[in-house]
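Have a look at the structure below, then the notes.
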Amino acid sequence: MAFSAILGQTKALTLLSRALASNRLAHAYLFAGPDGVGKTTVALDLAAILLCRAPFADHPCGTCPGCLKYQSGNHPDFLRIRPDGAAIKIDQVRELKKALNFAPFESRLRIVLLEEVHTMRREAANSLLKVLEEPPANNLLLLVGNSTGSLLDTIVSRCQVIPFAPLPLALAAGIIRTHRPELDDSRSLALAALADGCPGQALAFEADGILALYGRIVEALLAKRDKAAERVEQALALAVDLAEAKEGIAPLLALLRIFLKDTMAARTGTSVCSEAPEVKRARERWNLQQLSAKMAAIDLAEQALARNCNRGLTSEVLLLDLFDCSTHLA
Ligand SMILES: [Zn+2]
């Protein structure tokens, strides 16, 4: 993919494109910014251009041996270092140093991508610092991290920092929709807002199954069931799934809150986005009082989770409230 295909990071791309065009790349870059805004994508694209044997402008050719090896994940001059467990460890930095002692195998430059560098402890960071102080020739280090705050100043000062920013919500929503075309405008905008303009984070909710669980909960809430016992059973089954979502609970509750808020806005005629199909159904189904009660149940659950209350119990209470079962059990 060409740089030009990456959306929203104009400043970062301009800085890098200029350096590429004038053949004046620094020996080390630090791509800094929140998770999920394209830092690693840009680093991978930059590596693709540099390892291509016949690139045109900011495009790899896609067919030369360099491109083919890179695409297959087997380019000998591309090293990718990710945290081993929670952090990049000193042993990984030592291995890297050994590798850097040799000239690149077949390319002009060896590209080293270090991801999540903010996870490095002092020991590993100091070891990396030595590489940055005396970089062996023909190597380009691309450091990717979510902020410069937790990194040693000395590391930051030896890299050229390329800042990445959250995207405007409409743009983030557009990117989400290219990956999830079935999402409507209001849902993709809600996801973009929930992820603070970082589409990668929004798509991570998807990867964790959060969106699917959200869909199941809303569908079950809107389904017609006459028997109270059936509703209780369904609420409790979904509560188990919700408790198992662990860190996913918070974004899921936020999504449910957006759904209820949209439904309230639809009922009072103050909607700003187009109505999602589930909002149309919910608007027919619940009055404002019922919607407020459901919103209050979400508030309570959020407060309970903030106090580290038992996840399973909190999920049960929440789902029973959302399904209007609490009165039947009392
Ligand atoms: Zn190529």
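The values are calculated or read from the model by the stated rules, or taken from the named source; none is laboratory data. Because the structure is predicted, anything quoted here is derived from the model rather than measured. Cβ placement follows ideal geometry from the backbone for every residue including glycine, while neighbour counts extend to all protein chains displayed. For the accessible areas, the whole protein counts, side chains as well, though only heavy atoms, and no ligand, DNA or RNA atoms are used. Shrake-Rupley method; radii C 1.70, N 1.55, O 1.52, S 1.80 Å.
Taking 0.36 nm per residue of separation and subtracting the current Cα-Cα distance, fully stretching the chain between A265 and K280 would add 4.3 nm. Highest average first, the peptides 32-45, 83-96, 242-255 ordered by how many other beta carbon atoms sit within 10 Å of their residues are 32-45, 242-255, 83-96.
In the chain, Cα pairs under 8 Å separated by at least six residues give a relative contact order of 17 percent. Take the chain with all the other protein chains still there, run a 1.4 Å probe, and you get 50 Å² of accessible area per residue. Expressed as a fraction of 2.2 N^0.38 Å, the value expected for a compact globular protein of N residues, the C-alpha radius of gyration of the chain is 1.23.
Oblate is the label for segment 181-299, because a/c, from the alpha-carbon gyration tensor with a ≥ b ≥ c as root eigenvalues, is 1.5 or above and a/b does not exceed b/c.
For Cα pairs less than 8 Å apart in space and 6+ apart in sequence, what is the mean separation divided by the residue count of segment 46-124, i.e. the relative contact order in percent?
On the way: 97 pairs, mean separation 25.0, N = 79.
Reported relative contact order: 32 percent.
Would you work out what percent of the accessible area of segment 72-170, with all protein chains in place, is carbon or sulfur (probe 1.4 Å)? Numbers along the way, then the final one.
Numbers: 2550 of 5080 Å².
Its accessible area is 50 percent carbon and sulfur atoms.
Show the residues, 5+ positions off or on another chain, whose built amide H is closer than 5 Å to the amide H of I81. Counting only residues 5 or more places away or on other chains, the set is L113, L114, E115. Compared with the dominant Cα axis of the chain, that is its longest principal axis, helix 249-268 is turned about 50°.
Efficiency by 1/(1 + (r/R0)^6): what FRET value for N287 and N74, r their Cβ-Cβ distance, R0 = 56 Å, to the nearest 0.05?
E(calc), rounded to 0.05, equals 0.35.
Enumerate the calculated ³J(HN,Hα) couplings along segment 66-78 in order (Karplus 6.51 cos²θ - 1.76 cosθ + 1.60, θ = phi - 60°), each rounded to whole Hz, writing x wherever the residue is Gly or Pro. Per-residue couplings from phi come out as x, 5, 5, 5, 5, 5, 7, x, 10, 7, x, 9, 10 Hz. Overall, the accessible surface of segment 208-329 at a probe of 1.4 angstrom is composed of carbon and sulfur to the extent of 53 percent. When Lys and Arg each count +1 and Asp and Glu each count -1, what net charge do the other residues less than 10 Å away from A276, Cβ to Cβ, add up to? Value of the local net charge: -2. Which pairs break 26 Å Cα to Cα here: K227/K261; K227/K280; K39/K97; K224/K294? Checking Cα-Cα distances, K227/K261 exceed 26 Å.
Quick check on segment 3-163: take the gyration tensor over C-alpha atoms, sort the square-rooted eigenvalues as a ≥ b ≥ c, and tell me if it's rounded (a/c under 1.5), prolate or oblate.
Oblate is the answer for segment 3-163, as a/c is 1.5 or above yet b/c matches or exceeds a/b.
The residues neighbouring M120, those whose beta-carbon lies less than 15 Å from its own, together hold a net charge of +1 under the Lys/Arg +1, Asp/Glu -1 convention.
For the pair N308 and S157, what calculated FRET efficiency results from E = 1/(1 + (r/R0)^6), where r is the Cβ-Cβ distance and R0 = 45 Å, to the nearest 0.05?
Values: r = 40 Å, r/R0 = 0.88.
Here the calculated transfer efficiency is 0.70.
Over the chain, dividing the summed -39,500 (n - 2.57) contributions of all DSSP H runs of at least 4 residues by the number of residues returns a 222 nm mean residue ellipticity of -17000 deg cm²/dmol.
Not counting the cut sites, what is the longest span of the chain without chymotrypsin sites (Phe, Trp or Tyr not before Pro) that DSSP labels loop and that have at most 11 other Cβ atoms within 10 Å? Display every interim value, and only then the final one.
On the way: sites that count: F102, F105.
Result, exposed sites excluded: 106-330.
Charges at C-beta only: +1 for Lys and Arg, -1 for Asp and Glu. How large is the resulting dipole of segment 208-329 about its Cα centre, in Debye rounded to 20? Please list the in-between numbers first.
Values: 16 positive and 17 negative charges, 65 e Å.
Here the size comes out at about 320 debye.
Tally Lys and Arg at +1 and Asp and Glu at -1 over the other residues with C-beta under 12 Å from the C-beta of N138: what net charge comes out? Overall, the nearby charge balance is 0.
Rounded if a/c is under 1.5, else prolate if a/b beats b/c, else oblate: with a ≥ b ≥ c from the C-alpha gyration tensor eigenvalues square-rooted, which is segment 7-89?
Working: a/c = 1.83, a/b = 1.12, b/c = 1.64.
Oblate shape, in that a/c is at least 1.5 and b/c is the bigger or equal ratio.
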